[in-house]
Amino acid sequence: MRNSSRNIFILAAVSLALTAGVSPQASFAKATKVKTKVSTSTKAQPQGDSETAIKGQLSSLADAAAKGDAEKMASFFTLDGAYVDEDGVRHEGQQSLKEHFNRHVRPDASSALKLEPTAIRLIGNDSAWIEGSTTRQSARGKQIDARFTMLLQNKNGTWLIQSASETSVSQASAADHLSDLNWLVGEWVAEQGDSKVKMSAEKVGNGHFLHLKYLITKPGQQPRIDTQVIGWDPTRDQIVSWHFDSSGGFGYGSWRKENNKWFIKAEGVEQSGWQSNATNVISVSNKDSFQWQSIRRNSDGVMYPDTEPLTVKRVSQ
């Protein structure tokens, strides 16, 4: 684990969660007091109940994992349980697991850890296969740390990890997510009738945002300057934008790409208080030109016709 707690916590929380708060030692101690013959088979539990129990425990025991208790972490594996870390190194047996966790686990109070199973498959009465990911919520937003898979064994009513493996997930920066819009950087111009629009786009905030400025001129009217900021929303896993116009209106857009087109679902509030929404479409012809069109326009419940496509040409980079 390269002296990092991020992935260890995954296995810790999941293993703790699946035991439903009962340690192997406690289960054994209770069993020794029973004088009558006890069936060794596990009573089948409805799949929905099992999934609900697993998900609930994942949430509460993720907090315990953040404390970095290596001994408790190891106790939620079977005696011969195995864990393969992100380097492909196999650790087998509770003592080996305890030593591994003790070397690498560190308490983490700076972020909230969540274990989110994406698939839970029961295999008969005594086994379960789990796939999922661990996420962290911090001041920087939500991020996925790793993906994991686990094979679980139901031992006398207690779910223990028989084997587990995990793979780290590299985190792309906001600048990486915006790379598909790098072609926008530069100076652009468009004309329609006697109106003229000049647009400039530049990277700001260490490349994590794009700042666009629009200068709109028309004979007999005061020039208008609108501003737009484009960024990445990790909570929605999507490019988004904020728009502010010189008349006092403002808006928000959600971006989606299909082939050579961008579809921006835009919502706004005009200076008068009217609410509007539309879908703006950017069709990229080449690196030096694109077309812009606004469709499905609605202002306070009144539908308006789609605009004619507007050709925008690059002036300089």
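Below are the figures for this structure:
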read-out: Flag if residue 275 is in contact with an Asp or Glu (Cβ under 7 Å, 6 or more places away or on another chain), assigned by TED's automatic domain parsing to the domain that holds residue 191 and within 22 Å of residue 192 (Cα to Cα); value: no
read-out: Residue within the stretch 115-129 that is within 12 Å of the chain's Cα centre (by Cα) and at positive phi present; value: no
read-out: Residue within the stretch 185-194 that is under 21 Å from residue 288 (Cα atoms) and part of a loop (DSSP other than H, G, I, E, B) present; value: yes
read-out: The listed residue being without any contact (Cβ under 8 Å) to a residue 60 or more places away in the chain, farther than 18 Å from residue 212 by Cα, of a type in the set (Val, Ile, Thr) and assigned by TED's automatic domain parsing to the domain that holds residue 203, out of 229, 281, 269, 240; value: 269
read-out: Pairs where the first residue, in the stretch 292-309, is under 21 Å from residue 262 (Cβ atoms) and the second is small (Gly, Ala, Ser) and not in a loop (DSSP other than H, G, I, E, B), C-beta under 7 Å, 6+ apart; value: 294/278; 295/278; 296/278; 297/278; 298/276; 298/278; 306/294; 307/294
read-out: Residue match in the stretch 155-178 (condition: buried (at least 17 other Cβ atoms within 10 Å of the Cβ), within 16 Å of the chain's Cα centre (by Cα), under 25 Å from residue 63 (Cβ atoms) and of a type in the set (D, E, K, R)); value: no
read-out: Failed criterion for residue 142 (all others in (1) touching a Pro at 6+ places or on another chain (Cβ under 8 Å); (2) in a loop (DSSP other than H, G, I, E, B) hold); value: (2)
read-out: Residue count for the stretch 186-238, restricted to those that are surrounded by fewer than 17 Cβ atoms within 10 Å (Cβ to Cβ) and of a type in the set (A, V, I, L, M); value: 5
read-out: Qualifying residue in the stretch 298-316 (condition: assigned by TED's automatic domain parsing to the domain that holds residue 179, surrounded by 14 or more Cβ atoms within 10 Å (Cβ to Cβ), out of contact with any Ser or Thr (no Cβ under 8 Å at 6 or more places or on another chain) and farther than 17 Å from residue 197 by Cβ); value: no
read-out: Test for residue 86: is it touching a residue at least 40 places away in the same chain (Cβ under 8 Å) and assigned to a loop (DSSP other than H, G, I, E, B); value: yes
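Table: residues versus (1) in a helix (DSSP H, G or I); (2) among the β-branched types (Val, Ile, Thr); (3) touching a residue at least 12 places away in the same chain (Cβ under 8 Å); (4) in contact with a Ser or Thr (Cβ under 9 Å, 6 or more places away or on another chain).
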{"site": "82", "(1), (2), (3), (4)": "no, no, yes, yes"}
{"site": "91", "(1), (2), (3), (4)": "no, no, no, no"}
{"site": "100", "(1), (2), (3), (4)": "yes, no, yes, no"}
{"site": "131", "(1), (2), (3), (4)": "no, no, yes, yes"}
{"site": "135", "(1), (2), (3), (4)": "no, yes, yes, no"}
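The values are calculated or read from the model by the stated rules, or taken from the named source; none is laboratory data. Computed from a predicted model, the values in this text were never measured in an experiment. Virtual Cβ from ideal backbone geometry, glycine too; neighbours counted across all protein chains shown.
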